[in-house]
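Working notes, beginning with the structure itself.
The values are calculated or read from the model by the stated rules, or taken from the named source; none is laboratory data. These figures come from a predicted structure and were not determined experimentally. No Cβ is skipped: glycine too gets one built from the backbone with ideal geometry, and neighbour counts run over all protein chains shown.
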Amino acid sequence: MIQLLPDYIANQIAAGEVVQRPASVVKELLENAVDAGATSVTVVVSDAGSTLLQIIDNGCGMSPSDARMAFERHATSKIQHIDDLQTLHTFGFRGEALASIAAVAEVTLLTRRADDEVGTQVHLMAGEPAQQTSTATHTGTSISVKNLFYNIPARRKFLKSDTVELKHIVSEFSRVALCRPEIEMRLYDKTRELYHLTPSTLRQRIVNLMGKNLNQQLIDVQVDTSMVNIHGFIGKPESARRNSGNQFFFANRRYFRSPYLQKAIISAYDKLLVRSPDTFPTYFIYFDIPPAGIDVNIHPAKTEIKFADEPVIFQMLNAAIRETLSKFAVAPSIDFDTEGAPEFPVVHKDAPPPTAPRIHIDPHFNPFEEERKSGTTHHKEKTDSNWKKLYEGIDVAATAVSSACIPETVSLSFIQVKGKYLLTPVKSGVMLIDIRRAQQRIYYEDYIRRLAGHQHASQQQVFPETVELRPEDYLLLEPVFDELRMLGYDVASLGNHTVAVNGLPSDLAGIDVREWIQSLLEELHHTPAQLKENRHAALAASLAKTATGYAAETLKPEEAQALIDRLFACETPSICPAGKPVMHIIPIEELDKKMFKN
């Protein structure tokens, strides 16, 4: 009953773990190119990798026998003895990648060593014998992967949109590029060049990948110990973002993920991320550690590793980040704060002696004595002050209530609390309205109507602003240019991943354009799948949340009334586009229980 699986079936099963999407192929082949000693690597993709993935390098190349053997499962040049696992300095070592890729695609390998007169071509189709011939080719290796998952329709069906898959490819490309700033790297989407990274310093490589705006936000980190060397860069608190796109860990120049170590960094930024509790600090942290101190063989994709002394590494990293933030005066130092301290005058020997201060008191004041005369102002002022404290942070939006009448019965249509909520009486009790969620619902339905054909005019900028984007951000924004124009956002491409904002909706005129684009991109990064399924709804929701961020913190009475009127004119006023409640009614019975439960 027990039989050995045929090789092509075993390879397909292995491919399920190693090759999850086109980006997985890019990762494996890029790492092979680096291990081969390449100083220049080019990646070409077509249709986000589903049609073609090609990686070209100028590395050492392979002999004819090695070129054929490389596609055998568990064939590797990295491991000869079990002890070699403790001294690994290369990316690959298990020999599964090429066999897994060849099991789910059509693969052509061209390779030549510098001393060979001719090169070798190996062509493979899933389940078919390899075809090998001699050919003329450049020194190094070129691998073309065509029609990925052609023999597994179910896997191909579940690939995301080209925009999403290309974004994953850019991510894998960036991770390898950040490990090896000394290597020239290019990335092409068909014939369009997305990246051309020349050899550079680590800081320059980060800036070239992540955008020039990040350059002024980076702070150098450097800690050397006998156990581990930690170096790299962290971002100033104001560079924090809602997504974790600018968070990278590397161990011995290998990218890895670690929620545990991420907590060490976030805790070091304690109370410094003032934008929002949901934002993440920027960091590019590199660990140099003896290979025996880590285990990289715990995950098929090798994106997770295990440190031998992880709690110690945690403490070292946390201390390094805290020291760096303090050193650059980003976080408060441990020195005593002398700002605002009184200055002690210098006393000269000929100066007259100081005089004792005189204290003026009211000998007739009795804090327990009740007010007997209406003309006594002291007690009245104290009462007014106390009532004002009770209403601190509450803006009376409908009726101007003087301090003199606060203790009396006050008739209010609604009140505003801390710029977050509106309270208004209703027949059954009190209604609480979340202002931001209400604004999102109003913007969302307005945008949906405009996208249905009710185009909105934009207010043209006196001086149109140009914004240079990262290639992956540009690829995310470019497909929605037409929809943005329908909504009053006059955005145009200037080429080279640069956009011009020529106009904005009238209600957003005067906002910081760069900040608006960054906020919109962060929202779009959170909804790539929805953009494919329901483009208009996802874009409207993203823009609504972005636009709400520019609303006034405190509403004027007429603005509060207009908000309520517009909210109840919506088709679905009770929930925001994310499905969260906009309003909540507190029944009068519940209020009675709270007030008279004793």
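When we screen Ser134, Ser100 for residues that are outside any loop (DSSP other than H, G, I, E, B), of a type outside the set (Asp, Glu) and modelled with pLDDT of 90 or more, the only hit is Ser134. When restricted to residues that are more than 18 Å from Gly211 (Cβ to Cβ), modelled with pLDDT under 80 and not charged (D, E, K, R), segment 518-536 contains 7. Looking across segment 124-134 at every residue that is in contact (Cβ under 8 Å) with a residue 24 or more places away in the chain and among the aliphatic types (A, V, I, L, M), the one that is surrounded by the most Cβ atoms within 10 Å (Cβ to Cβ) is identified as Leu124.
Scanning segment 208-216 for residues that are on the phi < 0 side of the Ramachandran plot, without any contact (Cβ under 8 Å) to a residue 40 or more places away in the chain, surrounded by 15 or more Cβ atoms within 10 Å (Cβ to Cβ) and not charged (D, E, K, R) turns up at least one hit.
So which residues in segment 432-479 are part of a strand (DSSP E or B), over 17 Å from Arg514 (Cβ atoms) and over 30 Å from the mean Cα position of the chain (by Cα), if there are any at all? Passing the criteria: Leu432, Gln459, Gln460. Taking each residue of segment 159-172 that is surrounded by fewer than 20 Cβ atoms within 10 Å (Cβ to Cβ) and looking for partners that are of a type in the set (Phe, Trp, Tyr) with beta-carbon atoms closer than 9 Å, six or more apart or interchain, yields Leu159/Phe149. Beta carbons closer than 7 Å, at least 6 apart along the sequence or on distinct chains, pair a first residue in segment 59-70 that is assigned by TED's automatic domain parsing to the domain that holds Pro129 and assigned to a loop (DSSP other than H, G, I, E, B) with a second that is buried (at least 18 other Cβ atoms within 10 Å of the Cβ) and at pLDDT below 90 for Met62/Ala70; Ala70/Leu98.
Identify all residues within segment 223-249 that are under 26 Å from Gln315 (Cβ atoms), touching a residue at least 40 places away in the same chain (Cβ under 8 Å), of a type outside the set (Gly, Ala, Ser) and not in a helix (DSSP H, G or I); write none if there are none.
Selection gives Val223, Thr225, Met227, Val228, Asn229, Ile230, His231, Phe233, Ile234, Lys236, Phe248.
Selection within segment 555-594: residues that are of a type in the set (Val, Ile, Thr) and surrounded by 13 or more Cβ atoms within 10 Å (Cβ to Cβ). The member of this set that is farthest from the chain's Cα centre (by Cα) is Ile588.
Residue by residue, here is whether (1) within 26 Å of the chain's Cα centre (by Cα); (2) among the β-branched types (Val, Ile, Thr); (3) modelled with pLDDT of 80 or more; (4) not assigned by TED's automatic domain parsing to the domain that holds Glu165 holds:
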| residue | (1), (2), (3), (4) |
| --- | --- |
| Ile2 | no, yes, yes, yes |
| Ala14 | no, no, no, no |
| Val18 | yes, yes, no, no |
| Arg21 | yes, no, yes, no |
| Glu28 | yes, no, yes, no |
| Asp35 | no, no, yes, no |
| Ala38 | no, no, yes, no |
| Val43 | yes, yes, yes, no |
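Name the residues in segment 189-222 that are hydroxyl-bearing (Ser, Thr, Tyr) and at pLDDT 95 or above, would you? Spell out the reasoning first.
Pass one, segment 189-222, residues hydroxyl-bearing (Ser, Thr, Tyr): 191, 195, 198, 200-201.
Thr198, Ser200, Thr201, listed by residue number.
Within segment 178-189, can one find any residue that is over 16 Å from His497 (Cβ atoms) and part of a helix (DSSP H, G or I)? Yes.
Quick one: which residue in Leu469, Leu423, Leu432 is in contact with a Ser or Thr (Cβ under 8 Å, 6 or more places away or on another chain) and at pLDDT 85 or above?
After applying the criteria, what remains is Leu469.
Restricting segment 283-298 to residues that are exposed (fewer than 14 other Cβ atoms within 10 Å of the Cβ) and closer than 19 Å to Thr225 by Cβ, which is modelled with the highest pLDDT? Ranking the qualifying residues of segment 283-298, first place goes to Asp288.
Results for (1) free of Cβ contacts under 8 Å to residues at least 60 places away in the same chain; (2) touching a strand residue (DSSP E or B) at 6+ places or on another chain (Cβ under 8 Å), shown as yes or no for each residue.
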{"residue": "Glu117", "(1), (2)": "yes, no"}
{"residue": "Ala136", "(1), (2)": "yes, yes"}
{"residue": "Ile143", "(1), (2)": "no, yes"}
{"residue": "Lys157", "(1), (2)": "yes, no"}
